[in-house]
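The values are calculated or read from the model by the stated rules, or taken from the named source; none is laboratory data. Just so we're clear, the structure is a prediction, and the values are computed from it rather than from any experiment. Don't worry about glycine lacking a Cβ; one is built from the backbone with ideal geometry, like all the others, and counts go over all protein chains shown. Note: accessible area is taken over every heavy atom of the protein model, side chains too, but ligands, DNA and RNA are not part of it. Shrake-Rupley method; radii C 1.70, N 1.55, O 1.52, S 1.80 Å.
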Amino acid sequence: MGRDNQTWVREFILLGLSSDWSTQVSLFGLFSITYMVTVLGNFLIVLLIRLDSRLHTPMYFFLTNLSLVDVSYATSIVPQMLVHLVAEHRGIPFMSCAAQLFFSLGLGGTEFVLLAVMAYDRYVAVCNPLRYSVIMHGGFCTRLTIASWVSGSVNSLVPTAITFQLPMCTNMYIDHISCELLAVVRLACVDTSSNKVAITVSSIVLLMTPFCLVLLSYIQIISTILKIQSTEGRKKAFHTCASHLTVVVLCYGMAIFTYIQLHSSPSVLQENLISLFYAIFTPMLNPIIYSLRNKEVKGAWQKLLGQLSGLMSKLAT
């Protein structure tokens, strides 16, 4: 059936979390604060890494890119959600919805690959420390980072293109906080079993493949740590990976639960809560995790605060 013979949607309506005004205002306040903390926290991490020469290492180069991905991912979803929380009309144009889906999928995919790259970096640091600087040289790190951004973007093209070629007919109400992939697919007025297969394949390629690489890296890392004779040596080796491992559990755990178990039919509320956690709270938690659990970052913060305190004292006198 061609386009001329059907009514095609030009705008979608995002139903969001609640229709109660007082609840919406409360959520607006909460999510606004969380988004500001996310943006500020990640940009402070980037600024700190740029200012402190001790942090000019491959690990923190990758962390800079992770922070930029987190801010970009949150920005692709949260501002529009905040507007809809206080607006009477919650419409989003067809092309804007497609763009939001493309960027959120692409940035999410980039983060998965980047976390696998960071796991490889930790593997080399723990398992092959004498050759670390030779293996993880600047050019190689740059190529790995570019590959992460490109692979995420390219992989998001497939599900986005397939999804927005589907006829939506007059189905315009998306029961979600954003143009999330599965929520949009459910609007189609045709059989979408082949689309779900494509989504599964895409998820496996850009979610499970990096996850398996992360898993293999940490199996080697743990094996190496267990062979270290001294307790102090084992603690030091573990602390070099603790922050990254915590972020891996948060990011991959939520994503695997959301996209791989497609046939479990999670509730709409459950999908919304997972999306909220991944879009709002994970990007906010990442800089906090790296700041609290990483001695080098804490040392850099102390040095920067000491310099600022000294500068303020001079200005005061």
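Residues in the range 23-43 that are among the polar types (S, T, N, Q) and open to solvent by 30 Å² or more (accessible area, probe 1.4 Å): 23, 26. Can you say whether residue 198 is surrounded by 14 or more Cβ atoms within 10 Å (Cβ to Cβ), touching a Pro at 6+ places or on another chain (Cβ under 7 Å), on the phi < 0 side of the Ramachandran plot and not in a helix (DSSP H, G or I), as far as the supplied structure shows? Considered against the rule, which asks whether it is surrounded by 14 or more Cβ atoms within 10 Å (Cβ to Cβ), touching a Pro at 6+ places or on another chain (Cβ under 7 Å), on the phi < 0 side of the Ramachandran plot and not in a helix (DSSP H, G or I), residue 198 comes out as no. Candidates 132, 73, 120: the one that is hydroxyl-bearing (Ser, Thr, Tyr) and more than 22 Å from the chain's Cα centre (by Cα) is 132.
Only residues that are buried (at least 16 other Cβ atoms within 10 Å of the Cβ) and polar (S, T, N, Q) were counted across the range 121-170, and they come to 8. Here residue 18 meets each of (1) closer than 27 Å to residue 126 by Cβ; (2) assigned to a loop (DSSP other than H, G, I, E, B) with one exception, condition (1). Cβ-Cβ contacts under 9 Å between residues 6 or more apart (or on different chains), taken from a first residue in the range 26-41 that is within 16 Å of residue 278 (Cβ to Cβ) to a second residue that is open to solvent by 30 Å² or more (accessible area, probe 1.4 Å) and among the aromatic types (Phe, Trp, Tyr), are listed as 34/281; 38/281.
Any residue that is open to solvent by less than 80 Å² (accessible area, probe 1.4 Å), outside any helix (DSSP H, G or I) and modelled with pLDDT of 70 or more - is there at least one of those in the range 216-228?
yes
The single condition from (1) modelled with pLDDT of 90 or more; (2) under 19 Å from residue 15 (Cα atoms) that residue 39 fails is (2). Please go through the range 44-101 and give me each residue that is in contact with a Lys or Arg (Cβ under 9 Å, 6 or more places away or on another chain), over 28 Å from residue 146 (Cβ atoms) and either open to solvent by 30 Å² or more (accessible area, probe 1.4 Å) or in a strand (DSSP E or B) (or both), ordered by number. Within the range 44-101, 83, 93, 94 qualify. Out of 226, 206, 213, report the one residue that is touching a residue at least 60 places away in the same chain (Cβ under 8 Å) and farther than 21 Å from residue 67 by Cβ. Just one listed residue meets the conditions, 213. Whether a residue is within 18 Å of the chain's Cα centre (by Cα) and either surrounded by 15 or more Cβ atoms within 10 Å (Cβ to Cβ) or under 26 Å from residue 79 (Cβ atoms) (or both) was assessed, and residue 208 passes this test.
Scoring residue 239 on the criteria (1) open to solvent by 30 Å² or more (accessible area, probe 1.4 Å); (2) closer than 15 Å to residue 117 by Cβ; (3) in contact (Cβ under 8 Å) with a residue 24 or more places away in the chain leaves a single failure, condition (2).
Out of all the residues in the range 181-189, is one or more open to solvent by less than 40 Å² (accessible area, probe 1.4 Å), of a type outside the set (S, T, N, Q), over 30 Å from residue 291 (Cα atoms) and part of a loop (DSSP other than H, G, I, E, B)? Lay out the reasoning, then the answer.
Of all residues in the range 181-189, those open to solvent by less than 40 Å² (accessible area, probe 1.4 Å) come to 181-185, 187-188.
Still in the list and also of a type outside the set (S, T, N, Q): 181-185, 187-188.
Then keep just the ones that are over 30 Å from residue 291 (Cα atoms); that gives 181-185, 187-188.
Filter once more, so that each one left must be part of a loop (DSSP other than H, G, I, E, B): 187-188.
Within the range 181-189, one or more residues are open to solvent by less than 40 Å² (accessible area, probe 1.4 Å), of a type outside the set (S, T, N, Q), over 30 Å from residue 291 (Cα atoms) and part of a loop (DSSP other than H, G, I, E, B).
Of the residues 184, 126, 154, 150, which single one is over 30 Å from residue 224 (Cα atoms), touching a Cys at 6+ places or on another chain (Cβ under 8 Å), among the β-branched types (Val, Ile, Thr) and at pLDDT 85 or above?
Only one candidate passes the filter, namely 184.
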